[in-house]
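What follows draws every value from the coordinates through simple rules; no lab data is involved. Quick caveat, the model's predicted, so the values are computed rather than measured. Quick reminder, even Gly has a Cβ in these numbers, built from the backbone with ideal geometry, and neighbours come from all protein chains shown.
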Amino acid sequence: MDVVHELQPLTGHGLYLFPGVQRAARPMSENTVNAALRRLGFTGDEMTGHGFRAMARTILDEVLGYRVEWIEHQLAHEVRDHNGRAYNRTAFLQGRKEMMQGWADYLDGLRCPRDVVAIVPKAVRSSVEQSAGPAAQLSARILPFSNSGLKSKTE
């Protein structure tokens, strides 16, 4: 909660942690996030706002091994039982709390330079590779990233 309180001078004391630019009564739109990514140099083929959700969904399931029901609820997706019926009475709050702490721990673990794989826009990749000294090259790998790499080859 300390992080949330630190953000309040920037985002206000409203309903949303990240309020809309035009109307604080609405959450920040995906277009705002995408525009920020474009200003940072990422193209739409490299990263999108929704791409962060997809990345989290994949890592929480395939890397960290959390239950799909918890992940889907956390992403506000409709969760169906084995008969295809939507069930909304379960919230899995304790499991989701543990999962989000696991996610935070995973992200914190990425801060250690030897474990980081930098995701750099194509436009700046060559300058980053040229400016990285030998020590930096040993401690971190710089890999290209593209949303198209997440799609199966049959699509």
Leading residue at positive end of dipole, the stretch 1-67 (Cβ point charges), from Leu60, Leu15, Phe42: Leu15
Expressed in nm to one decimal, what extension gain is obtained for the pair Asn31 and Met55 from 0.36 nm per residue of sequence separation less their Cα-Cα distance? 6.8 nm
